[in-house]
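For reference, the structure is listed below as structure tokens.
The values are calculated or read from the model by the stated rules, or taken from the named source; none is laboratory data. Computed from a prediction, not measured in an experiment: that's the story for all the values here. Note that each Cβ is placed from the backbone with ideal geometry, even for glycine, and that neighbours are counted across all protein chains shown.
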Amino acid sequence: MKRLPQGLKPYKRTPTFSAETVPAALLRDHSTKSGVWGLIHVVSGEVIYRIAEAGVEYRLDPDVLGVVEPQSLHSVELSEQAEFFVEFWKAAGS
């Protein structure tokens, strides 16, 4: 999995979602805007992070972050006990 490039700063984050509260849009392919990276933080349980264009998936847990590249189509699938949030990053000064 990729890492965040140097020179980015966090600028917002989602609420913490569970299997009951996750927006349906996150469960199907979606993307961030140009220049916006995401970090998926799993608080509990397990989240499967799928990157559509690459045809790969990662199992995320509290010890493994998911890195979302700008404009990359991706989706998530949650275990029943999963809780997670997404932190958004962009270039400093933008």
Members of the stretch 40-85 that are surrounded by fewer than 20 Cβ atoms within 10 Å (Cβ to Cβ) and touching a helix residue (DSSP H, G or I) at 6+ places or on another chain (Cβ under 8 Å): 75, 77
Output for Cβ contacts, cut-off 8 Å, separation at least six or different chains, first residue closer than 13 Å to residue 88 by Cα in the stretch 1-13, second surrounded by 12 or more Cβ atoms within 10 Å (Cβ to Cβ) and charged (D, E, K, R), reads 8/90; 9/90; 10/87; 11/90; 12/87; 13/87
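Hey, could you check the stretch 47-79 for residues that are free of Cβ contacts under 8 Å to residues at least 24 places away in the same chain and in contact with a Lys or Arg (Cβ under 9 Å, 6 or more places away or on another chain) and say which is nearest to residue 17 (Cα to Cα)?
Residue satisfying both the conditions and the ranking: 57.
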By residue number, the members of the stretch 31-48 that are assigned to a strand (DSSP E or B) and touching a Leu at 6+ places or on another chain (Cβ under 7 Å) are 37, 39, 40, 41, 42, 47
Take the conditions out of contact with any Gly (no Cβ under 7 Å at 6 or more places or on another chain), at positive phi and either buried (at least 18 other Cβ atoms within 10 Å of the Cβ) or modelled with pLDDT under 95 (or both) and apply them to residue 93. Does it pass? yes
